[in-house]
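Note sheet for the following structure.
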Amino acid sequence: METLHQILSPDFLLRNSVYTSVLVGFCCPLVGVFLVLRRLVFMGVALPQISSMGVAIALSLPLWLGYLTAHGSQSGHALAFAGSMVFTITAILLLAFLERRGQGLPEGRIGVAYVVSSALSILLLATNPYGEIGWLDLLKGEVITVSNFDLMVTGIVLTLVLAALALFHKEILLVSFDRAMAITLGKNVVFWDVLLYLLIGLTVSIAVLSVGPLIAFGFLLIPALTAHLFAHNMRQFMTIASLVGGAAAFLGFWISYQWDLPVGPTDVVLLGTLYAAGWIIAQLLPGARN
Amino acid sequence: MNESLIRLDGLSIGYNGQPVLSGISLSIARGSLTAILGANGSGKSTLLKTMLGLLLPVEGHIETTAAAGKPLVFGYVPQSTQFDPVYLLTGVDVALMGTYGRVRPGRLVPPAERAFTHDCLRAVGAQEFACKRFAELSEGQKQRVLIARALTARPDVLMLDEPTAGVDHAATHAVMEFISQIRTERRITVLLVTHDFAVVSRYAEQIIWLHQGRVLQGTAKELLTPKRMAEILEMETD
């Protein structure tokens, strides 16, 4: 309990890390719900990795252009955010477009994107003299060193995403559930699709920069899958997913601080445990599941 | 009754620029109940989707005569089997979607629209099960919810894609009686795609029969006589 008091104290040295984890924990599942609904779970795996590759490429650009630098925290993060955004949004739009055309194997394309982006990230890291010093932490998603600026950017971006999801929930849900009906009602389905993909891209980018690709994936999908076991309607689905994500982020931080474990993997293992427990409960108590 | 609401002029329909049916020229009368009849793969659903604007015509064009210069409002009832059960939507949630065409983005559905949706659910006899998960309803119950959703759009034209597929005889009769009734009460033009000759002969005033690349149009009395049907089916055996 002493550790809990420390974490909750306003003077806690790592308070920005706690706030960032919890913010990502609350917000990522709300976007993840739409990945689950649109059966884009594999996209949820690949996008954080593509985002990481975008970070690696963006941070390698100055080196390729002859500006050798280890990157100051703010300029480095701005560059990393830009790279992450560009690659994530381009990838999601391209993959969604190809899937909409209905040709080839969508899972195959997503798998190739995942494995190539993972390999390219490692290659870029290995060939950059500042990789180990400057941005290995970024790619690993070390939640320990979060500046006030990073926290502010994360807060602003996620608030914008949540506001857009809340405002346009009915349009995004309609286009996801019944595209044909949306067209007959005069909705611009391409616009709403692109908006949803932009929101997913923004969330993935900021989550990868804040907590790393592994945790971003964990928070995008596992809370949504856990919530789907018990929710009876869309409101419950989104609320439970968000609460599971936020609670797991806080508990994960607490556990990792208590036992000196890395935060990210602790969060993901905790989420996986919650999902497994939820699945068992849903099997044992049929009345509890949806 | 004879005023033309939709006119198809030299229309070719298909996918990716490849026609599956060409040279379609016909008209749909305002207030009529028209059945689109044909074998699997004859282009029935493609024709319906083209008229709805879900597919672009390969060639030709579609003219609509809307009232007071406003575009026609379509109420679309797709096949109930096409929906993904992963969505945690109740029958009410699904029916409410029909109002989204009138509710601007970023706005909540107003109470009056919610009340109207419940009226439509009541009218189709779906009120009892409307609060249940849509995915868990029987096919007949889903059809009723989807018809209610189409009605909440306040349509000029109701387009139904095989509304009685997977529905037993009694439910088929109930659904079709209801469609006939609301057509009369709300002065709606109805187009339905079906394989069911019994439904067509009993309820349809006009028939569009798609057969081996040909489009035959006429009344049930003209097309569904034993002599005429034998002529048409002989075309198939030849």
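The values are calculated or read from the model by the stated rules, or taken from the named source; none is laboratory data. Computed from a predicted structure; not experimentally measured. In this analysis, Cβ positions are derived from the backbone assuming ideal geometry, glycine residues included, and neighbour counts consider all displayed protein chains.
State the number of residues belonging to the range B:55-103 that are facing chain A (nearest Cβ under 10 Å) and exposed (fewer than 12 other Cβ atoms within 10 Å of the Cβ).
The number of residues fulfilling the criteria is 2.
Give the residues of the range B:173-192 that are more than 12 Å from the chain's Cα centre (by Cα), modelled with pLDDT of 80 or more and β-branched (Val, Ile, Thr), sorted by residue number.
Within the range B:173-192, B:Ile182, B:Thr184 qualify.
For the range B:1-21, name all the residues that are modelled with pLDDT of 90 or more and hydroxyl-bearing (Ser, Thr, Tyr).
Within the range B:1-21, just B:Ser12 meets the criteria.
Considering only the range B:64-85, I want to know if a residue exists there that is touching a His at 6+ places or on another chain (Cβ under 9 Å) and at pLDDT 90 or above.
no
Scan the strands (runs of 3 or more DSSP E) fully inside the range B:1-95 and keep the ones with 2 or more residues being closer than 20 Å to B:Ala153 by Cβ and free of Cβ contacts under 8 Å to residues at least 60 places away in the same chain.
B:59-64
Applying the selection to the range A:22-45, what residues are more than 14 Å from chain B (Cβ to nearest Cβ), at pLDDT 90 or above and either crowded, with 21+ Cβ neighbours inside 10 Å or under 14 Å from A:Gly201 (Cβ atoms) (or both)?
A:Leu23, A:Val24, A:Gly25, A:Phe26, A:Cys27, A:Cys28, A:Pro29, A:Leu30, A:Val31
Please work out which residue is surrounded by the fewest Cβ atoms within 10 Å (Cβ to Cβ), limiting yourself to the range A:95-123 and to residues that are closer than 16 Å to A:Met53 by Cα and of a type outside the set (A, V, I, L, M).
So, considering only residues that are closer than 16 Å to A:Met53 by Cα and of a type outside the set (A, V, I, L, M), the one surrounded by the fewest Cβ atoms within 10 Å (Cβ to Cβ) is A:Gly111.
Please pick out the residue among B:Val199, B:Val215, B:Val190 that is in contact with a Lys or Arg (Cβ under 8 Å, 6 or more places away or on another chain) and surrounded by 15 or more Cβ atoms within 10 Å (Cβ to Cβ).
One residue alone meets the criteria, B:Val190.
Among the candidates A:Thr273, A:Thr184, A:Thr266, which residue alone is of a type outside the set (A, V, I, L, M), free of Cβ contacts under 8 Å to residues at least 40 places away in the same chain and touching a strand residue (DSSP E or B) at 6+ places or on another chain (Cβ under 7 Å)?
One residue alone meets the criteria, A:Thr184.
Right, B:Met176: closer than 22 Å to A:Asn188 by Cα and either in contact with a helix residue (DSSP H, G or I) (Cβ under 8 Å, 6 or more places away or on another chain) or not in a helix (DSSP H, G or I) (or both) or not?
Judged against the criteria, B:Met176 is not a match.
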